[in-house]
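In what follows, a structure is listed as structure tokens, so that the remarks can point back to it.
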Amino acid sequence: MSTTTTSAHTSFDIQWVREQFPAFARKINGYPAAFLDGPGGTQVPQRVIDAISDYLVRCNANTHGMYPTSRESDEVIAQAHQAMADFLHCDAEEVAFGPNMTTLTLALSRAIGRTLKAGDEIVVTALDHSANVSPWEALQELGVVIRRVDINTDDCTLNLADLKSKVNDRTRVVAVGYASNGVGTINPVADITRLAHQAGALVFIDAVHYAPHGLIDVRAIDCDFLACSPYKFFGPHSGVLFGKRKQMKELKPYKVRPAANNLPDAWETGTQNHECMAGVLAAVDYIAAIGRHATGKKMSRRESLVAAYAEIHDYERHLTDRLISGLLDIPGVTVYGIRDKGRFDQRVGTVSIRMNGHMPQQMATRLGEKGLFTWDGNFYALDLTERLGVESKGGLLRIGVLHYNTEDEIDRLLAELRAF
């Protein structure tokens with residue numbers, strides 16, 4: 001494999017990137033493993049593995065003890081919060097860790113539920129992962145009304161006119177995804193936030209699927225809450241919640257009596273997963289290292305992240321163009337979502353398809369035997385697959401493009417699909 005992949009859009013050191021990931025040495029039935037399953041969880045670089053192992057070997061202890069390993073644990077935890085603050089562009093006390101985005105969203109919805117009354121409304125969308133729908137639907141037991149925003153089925157984008165019609169003076173929360181984990185659509189979250197705030201509503205953004213693909217700036221978006229999952233951006237299984245200081249202080253989270261009331265401790269119930277925090281710190285630093293490697297400059301972590309995502313954006317767009325163009329040329333293949341490359345700034349490289357005469361599970365199984373890892377089903381975006389009319393037909397085959405994938409992997413996939 002050549003050191004750089006070049007296109008009209010980008011020059012990207014893919015060899016340096018792939019050298020960071022030990023998983024890429026794996027073979028399946030003699031075929032190199034091609035991890036096109038990133039939307040379900042990414043692979044991790046060696047530095048993340050080392051950070052987790054090092055924490056367990058060097059300073060595995062509970063917090064706030066009067067001895068070295070405990071103090072070192074406190075420092076790792078503080079550094080992890082600061083790394084995520086740099087990643088999201090917020091303050092460290094506005095970052096709360098938890099086991100995963102779903103659990104954090106459920107905890108937040110419970111806390112917000114304490115402020116709601118019967119007749120209050122929450123807006124969700126048919127484009128979202130169920131983790132950003134079900135926790136809000138659970139508040140119907142309080143008499144809260146759930147409004148669901150429809151999609152434009154031709155390109156799998158949100159119907160913004162429908163959204164505007166459902167936000168009103170009774171709306172208390174608008175919950176929306178940054179990018180669809182099913183079809184890759186990027187939502188105009190800053191515009192949606194402005195609309196919601198004009199109605200006096202809070203905004204919660206599920207950024208799980210967007211985080212590996214694009215730079216997040218919660219200050220620019222001005223959202224009230226945002227959640228992401230580090231295992232979707234090259235880290236360990238964990239969850240991170242951003243909340244504006246004002247809202248996090250005003251809400252009353254469910255917690256045990258000994259837990260501190262200060263931020264972010266009040267939102268981090270019980271003993272946290274310290275080794276995963278160490279891994280998250282390493283994952284953020286890995287992405288920042290891409291920016292430093294590309295520019296050859298010494299920069300702050302945030303500056304390095306900005307540079308890294310510029311590189312990632314261009315390279316992934318090149319691969320996405322190659323993938324979608326190839327899929328559209330295969331007879332019998334239907335590509336769901338945005339297909340016009342002139343609009344690829346409105347999508348990430350997550351592409352879902354169906355193929356005449358073949359069930360998605362059958363396709364995923366056959367591709368897997370050739371070392372091509374893809375997902376089939378609904379990916380917990382159940383409202384989406386139902387709306388598209390494919391849920392009862394086995395759902396979709398999902399292909400995920402990330403910055404560690406290669407042109408060769410895309411071409412292998414396309415060749416196998418043509419041979420079906």
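At a glance:
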quantity	calculated
Residues that are of a type outside the set (A, V, I, L, M) and either over 21 Å from LEU88 (Cα atoms) or surrounded by 22 or more Cβ atoms within 10 Å (Cβ to Cβ) (or both), drawn from region 310-319	TYR315, GLU316, ARG317, HIS318
Residues located in region 242-285, provided they are more than 22 Å from the chain's Cα centre (by Cα), more than 17 Å from ALA107 (Cβ to Cβ) and assigned to a helix (DSSP H, G or I)	ARG245, LYS246
Checklist (1) in a strand (DSSP E or B); (2) in contact (Cβ under 8 Å) with a residue 60 or more places away in the chain applied to ASP376, failing item	(2)
Lone unmet requirement of (1) surrounded by fewer than 17 Cβ atoms within 10 Å (Cβ to Cβ); (2) in contact with a His (Cβ under 8 Å, 6 or more places away or on another chain) for ASN262	(2)
Flag for TYR231 being touching a Gly at 6+ places or on another chain (Cβ under 8 Å), within 19 Å of THR103 (Cα to Cα), hydroxyl-bearing (Ser, Thr, Tyr) and in contact (Cβ under 8 Å) with a residue 24 or more places away in the chain	yes
Matching residues in region 243-252 - criterion: being farther than 23 Å from ILE216 by Cβ and in contact (Cβ under 8 Å) with a residue 40 or more places away in the chain	LYS252
Considering residues of region 184-195 that are of a type outside the set (S, T, N, Q) and in contact with an Asp or Glu (Cβ under 9 Å, 6 or more places away or on another chain) only, the residue farthest from HIS403 (Cα to Cα)	ARG194
Test: residue in region 24-40 that is of a type in the set (Val, Ile, Thr), over 30 Å from ASP222 (Cβ atoms) and in contact (Cβ under 8 Å) with a residue 40 or more places away in the chain	yes
Residues within region 61-80 that are loosely packed, with under 15 Cβ neighbours inside 10 Å and outside any helix (DSSP H, G or I), tallied	6
Test: residue in region 306-314 that is modelled with pLDDT of 95 or more, closer than 27 Å to ASP154 by Cβ and of a type in the set (Gly, Ala, Ser)	no
Residue within region 11-24 that is surrounded by 14 or more Cβ atoms within 10 Å (Cβ to Cβ), at pLDDT 95 or above, among the acidic types (Asp, Glu) and not assigned by TED's automatic domain parsing to the domain that holds ILE312 present	no
Selection count where residues are free of Cβ contacts under 8 Å to residues at least 60 places away in the same chain, farther than 15 Å from ILE324 by Cα and either out of contact with any Ser or Thr (no Cβ under 8 Å at 6 or more places or on another chain) or assigned to a loop (DSSP other than H, G, I, E, B) (or both), scope region 387-415	6
Enumeration of residues in region 355-374 that are in contact with a helix residue (DSSP H, G or I) (Cβ under 6 Å, 6 or more places away or on another chain) and hydroxyl-bearing (Ser, Thr, Tyr)	THR374
Qualifying residue in region 309-320 (condition: within 28 Å of ASP54 (Cα to Cα) and assigned to a helix (DSSP H, G or I))	yes
Residue satisfying all of: in region 167-199; in contact (Cβ under 8 Å) with a residue 40 or more places away in the chain, under 18 Å from GLY214 (Cα atoms) and aliphatic (A, V, I, L, M); surrounded by the most Cβ atoms within 10 Å (Cβ to Cβ) among these	VAL183
Positions within region 44-92 being free of Cβ contacts under 8 Å to residues at least 12 places away in the same chain and farther than 30 Å from LEU215 by Cα, in sequence order	VAL57, HIS64, GLY65, MET66, TYR67, PRO68, THR69, SER70, ARG71
Selection count, region 219-250, where residues are under 17 Å from VAL280 (Cβ atoms) and among the hydrophobic types (A, V, I, L, M, F, W, C)	8
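Results for (1) at pLDDT 95 or above; (2) surrounded by fewer than 16 Cβ atoms within 10 Å (Cβ to Cβ); (3) not acidic (Asp, Glu), shown as yes or no for each residue.
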position: MET299; (1), (2), (3): yes, yes, yes
position: ASP345; (1), (2), (3): yes, yes, no
position: ASN356; (1), (2), (3): yes, yes, yes
position: ALA364; (1), (2), (3): yes, no, yes
position: LEU372; (1), (2), (3): yes, no, yes
position: VAL390; (1), (2), (3): yes, no, yes
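Conditions tested, residue by residue: (1) modelled with pLDDT of 95 or more; (2) touching a strand residue (DSSP E or B) at 6+ places or on another chain (Cβ under 6 Å).
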position	(1), (2)
THR193	yes, yes
LEU202	yes, yes
ALA207	yes, yes
HIS237	yes, no
LYS246	yes, no
ARG257	no, no
ASN273	yes, no
GLY279	yes, no
ALA283	yes, no
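The values are calculated or read from the model by the stated rules, or taken from the named source; none is laboratory data. Note that the structure is a prediction, hence the values are computed from the model and not measured. Note: ideal-geometry Cβ built from the backbone for every residue, glycine included; neighbour counts use all protein chains shown.
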